[in-house]
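Enquirer: Before I ask anything, let me first share the structure, which is written out below as structure tokens.
The values are calculated or read from the model by the stated rules, or taken from the named source; none is laboratory data. What you are looking at is a predicted structure, and each value in this text was computed from that prediction instead of being measured. With ideal geometry, Cβ positions are generated from the backbone for all residues, glycine too; neighbour counts draw on all protein chains shown.
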Amino acid sequence: MSNYPISKTEAQWLKELGPERYRILREKGTERPFTGKYNLTAEKGTYTCGACNTPLFKSNSKFDSGCGWPSFDESIDGAVEYIKDNSLGMQRTEILCATCGSHLGHVFNDGPTQTGQRYCVNSLSVDLEKE
């Protein structure tokens, strides 16, 4: 178990999420670029954690970065945890749901908007609650 407000065994997560979502959210996997259902979505609403339904990103912060994954320039205050990630021979910042610790993707300081941020998120890590 973890120190997150929502804590389950990995067996419970796997049963609830299914194998593909589990691979992304709990094993820190990555979708292939340009394959996720939310990559080019422009619908209005709130993107929530695919594991625990915590609101993470508002649709008005979403933009097309051309990177192949849904991109946002800011998260909802307190919704995301930031972890240094030195895997794959590079320095990145991993983003996790602050409520359940599930992997969302990474954030980079190369965003084109006023925030300068590009939250690069796996579509399988989130759900869209439409307005």
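Enquirer: Looking at Cys100, Cys120, can you tell me which residue is modelled with pLDDT of 95 or more and more than 17 Å from Asp64 (Cα to Cα)?
Expert: Being modelled with pLDDT of 95 or more and more than 17 Å from Asp64 (Cα to Cα) holds for just one of Cys100, Cys120, which is Cys100.
Enquirer: Provide a single number: the residues in the stretch 85-97 that are modelled with pLDDT of 95 or more and surrounded by fewer than 20 Cβ atoms within 10 Å (Cβ to Cβ).
Expert: At the first step, the residues of the stretch 85-97 found to be modelled with pLDDT of 95 or more are 93-97.
Still in the list and also surrounded by fewer than 20 Cβ atoms within 10 Å (Cβ to Cβ): 93-94.
Total meeting the criteria: 2.
Enquirer: Taking the stretch 98-131, which residues are surrounded by fewer than 20 Cβ atoms within 10 Å (Cβ to Cβ) and of a type in the set (Lys, Arg)?
Expert: Lys130
Enquirer: Then there is this: How about the stretch 4-44: which of its residues are within 21 Å of Lys130 (Cβ to Cβ), loosely packed, with under 15 Cβ neighbours inside 10 Å and at pLDDT 95 or above?
Expert: Lys37, Glu43, Lys44
Enquirer: Residues in the stretch 14-29: is at least one part of a loop (DSSP other than H, G, I, E, B) and either free of Cβ contacts under 8 Å to residues at least 12 places away in the same chain or not basic (Lys, Arg) (or both)?
Expert: Scanning the stretch 14-29, I find at least one residue that is part of a loop (DSSP other than H, G, I, E, B) and either free of Cβ contacts under 8 Å to residues at least 12 places away in the same chain or not basic (Lys, Arg) (or both), so the answer is yes.
Enquirer: Given the conditions (1) of a type in the set (Gly, Ala, Ser); (2) surrounded by fewer than 18 Cβ atoms within 10 Å (Cβ to Cβ); (3) at pLDDT 95 or above, report the number of the one that Ser75 does not fulfil.
Expert: Condition not satisfied by Ser75: (2).
Enquirer: Kindly indicate which of Phe57, Phe72 is more than 26 Å from Leu14 (Cα to Cα) and touching a Ser or Thr at 6+ places or on another chain (Cβ under 7 Å).
Expert: Phe72
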